Amino acid sequence: MISLKNIAIVFNKGTPDENLALNNINLSIKEGDFITIIGSNGAGKSTLFNIISGSYFPTSGTVSINNIDVTRHAEYKRAKYIGRIFQNPLMGTAGNMSLEDNMMISYKKGFKWPILSLNQKMRQFFQDELKQLDMGLENRLRDNVGLFSGGQRQALTLLMMVLSQPALILLDEHTAALDPKNAALVLELTSHFVKKYNLTTMMITHNMNHAIEYGNRLFMMDKGEVIFDVQGEEKKALTQARLIEKFHEIRHSEFDNDKVLLSQD
Amino acid sequence: MFESIIAEGCLYGIMALGVFITFRVLDFPDLTVDGSFPLGAAIMAAFLVKGYSLWLALVLAFVGGTMAGMLTAVLHNELKIPNLLAGILTMILLYSVNLRILGTSNVSLLNVDTILSRVFGFLKPIGFSREMSYMLFFILAIFIIKFIMDVFFRTDLGLTLGALGNNQQMIISQGVNPKLLKVIGVGFSNGLVAISGALTAQYQNFADVGLGQGIIIAGLASVMIGEFLFRSNRIGWLTLNVILGSIIFHGVMYGARLAIFEIPFLESSDLKAVQVLLVIICLAGVLAREHQRKKGKEKPR
Ligand SMILES: Nc1ncnc2c1ncn2[C@@H]1O[C@H](COP(=O)(O)OP(=O)(O)OP(=O)(O)O)[C@@H](O)[C@H]1O
Ligand SMILES: [Mg+2]
């Protein structure tokens, strides 16, 4: 459903800081795929998401969704079928607006008309959905989202995103800023929603165990390239040791920099 | 005195509501106001003098102001001009436009049929004074506008505008074009400002190209004074704050005018300095309060 062809992106072209952040990316993502992505800092993982979502346009190559070339389509247009969650839990919601207002805004994607949709029926619907989070948020519809904890906000962002029924979701270390308990909770919810709605998912993580445990496919990225793409039985059989071994095999690197590479927390 | 403070508070409060939309809701500091306010006055005066329908003139003033605001947003969106500069460009452009519309730098409305003269003509027989009639009319006008705003900012579009000023990335993620929202929001804001200008021309019985000079300060001061009143996240309270803030501001300015009259070495031209001083005091107050709140908060988990 999503395919990237010969994607490359160069930052600061023609300056001493010139940086080939992605190079020769060719990917084809099928509907229902749950892909985990690992790689060292600066490998280009977030940049890959930025290219898919349209935050950045590639220097060369094409992005297509359902066989439609969207390489130059504005981010807000693509957002109609792409849901995205960032590491920063503040990015997904409007902090000084109430919970119900936030949910109303994200209920349907696309242009909003001056009509009053927020009524008792909608509130009931929001409450029912919020119960899934099991955080007591269903009783706080009128509270400002800014009052919630990071974990609550990220769980809410996840729920709001799921309700808008995106075709693809991009999760960029979305549990990294949370404490271990909340991180585990949000990750559990993620997995629950992905199954429940059969969401096509790409998830960046720095936790090798999560990358192995979740999803049906795994990308390893390094220096702007996807150096390892594994799925099916082979993915299921992966272990941490096997992943590290694989990295050295591909990169012929003897450096003892696994920690930097695939930091495990 | 009492009537004129309330009347002016409500009259300029309409402008302050516009300033509230850009500065607070959209987080788009917009200086177009100093041009769109006299634009409203100029359009109104030009049509009144020619004998057009009063209400049509008022609607056209709104449309003119809206277009001015939209221009500022488009300059910002498409040419990536910083919003403050974009507003200044439109404001200066409007100076020439307003002169064109008025034909001269000052048009008198003394012997012209205006909305206010009609209101007075209507209320006089039942015993209302001129001041009282104007006050009642401006109260009615601003509460109608407040009501429209309160409903609008609860609609899907209105909520989205609110979120834009808070978190632009969220709006993009919802599949909404933030540029379009800015055009709508800044446009609407300046439409209100122009209505305020149009009514001011009738209140003062003249339209003048210099009418709007520094008016943004009055708007900002009103918005900031209002923020010391009710604490709420509901739009109805926020707009009420702006209206009350504007009335308080004009009360203070009334006092300042009297003081200037009393104190021999002060002149009426010093009023602007007093306004600026008031804004600085408000800003300092807001900062102090925020500082207090940060200190008092022990990171609840
Ligand atoms: N807007 C930008 N301008 C210039 N360089 C950029 C920009 N965005 C990313 N880069 C560079 O591109 C490279 C890849 O960055 P990216 O954020 O994709 O890494 P990442 O794999 O997400 O790393 P991390 O694990 O630290 O999040 C880095 O060298 C980074 O400095
Ligand atoms: Mg990253």
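The values are calculated or read from the model by the stated rules, or taken from the named source; none is laboratory data. Given the structure is predicted, the values throughout are model-derived calculations rather than measurements. Cβ atoms come from the backbone with ideal geometry, glycine included; neighbour counts cover every protein chain shown.
Residues A:Leu133, A:Leu90: which one is within 29 Å of A:Leu187 (Cβ to Cβ) and more than 14 Å from chain B (Cβ to nearest Cβ)? Testing whether each residue is within 29 Å of A:Leu187 (Cβ to Cβ) and more than 14 Å from chain B (Cβ to nearest Cβ) leaves just A:Leu133. In the set (1) at pLDDT below 85; (2) part of a helix (DSSP H, G or I); (3) surrounded by fewer than 16 Cβ atoms within 10 Å (Cβ to Cβ), the condition left unmet by B:Ile280 is number (1). Taking each residue of segment A:36-49 that is within 14 Å of another protein chain (Cβ to nearest Cβ) and looking for partners that are more than 8 Å from ligand 2 (Cβ to nearest atom) with beta-carbon atoms closer than 6 Å, six or more apart or interchain, yields A:Phe49/A:Leu170.
Considering B:Ile243, B:Ile148, B:Ile235, the condition of being more than 9 Å from every other protein chain (Cβ to nearest Cβ), free of Cβ contacts under 8 Å to residues at least 12 places away in the same chain and of a type in the set (A, V, I, L, M) is satisfied by B:Ile148 alone. Scanning segment A:167-206 for residues that are within 16 Å of ligand 1 (Cβ to nearest atom), charged (D, E, K, R) and not in a strand (DSSP E or B) yields one hit, A:Glu173. If you check every pair at least six apart or on different chains, which have Cβ atoms under 7 Å apart with a residue in segment B:156-180 that is facing another protein chain (nearest Cβ under 7 Å) and at positive phi first and a residue that is in a loop (DSSP other than H, G, I, E, B) and surrounded by fewer than 22 Cβ atoms within 10 Å (Cβ to Cβ) second? As it stands, the answer is B:Gly175/A:Lys80; B:Gly175/A:Lys109; B:Gly175/A:Gly110, since those pairs meet every condition given.
None of A:Gly54, A:Gly39, A:Gly61 is away from ligand 1 (no atom under 12 Å from the Cβ), in the same structural domain as A:Asn216 (by TED's automatic domain parsing) and within 17 Å of the chain's Cα centre (by Cα) except A:Gly54. Condition (residue is at pLDDT below 90 and exposed (fewer than 15 other Cβ atoms within 10 Å of the Cβ)) applied to segment A:212-232: is it met by at least one residue? For segment A:212-232, residues at pLDDT below 90 and exposed (fewer than 15 other Cβ atoms within 10 Å of the Cβ): present. With respect to (1) touching a strand residue (DSSP E or B) at 6+ places or on another chain (Cβ under 8 Å); (2) in the same structural domain as A:Ile52 (by TED's automatic domain parsing); (3) of a type outside the set (Asp, Glu), the lone exception for A:Lys77 is condition (1). Of the residues making up segment A:53-95, those that are in contact (Cβ under 8 Å) with a residue 24 or more places away in the chain and not in a loop (DSSP other than H, G, I, E, B) are A:Ser53, A:Ser60, A:Gly61, A:Thr62, A:Val63, A:Ser64, A:Ile65, A:Arg78, A:Ile82, A:Gly83, A:Arg84, A:Ile85. Among the residues of segment A:96-113, the ones that are assigned to a loop (DSSP other than H, G, I, E, B) and facing another protein chain (nearest Cβ under 7 Å) come to 7 in all.
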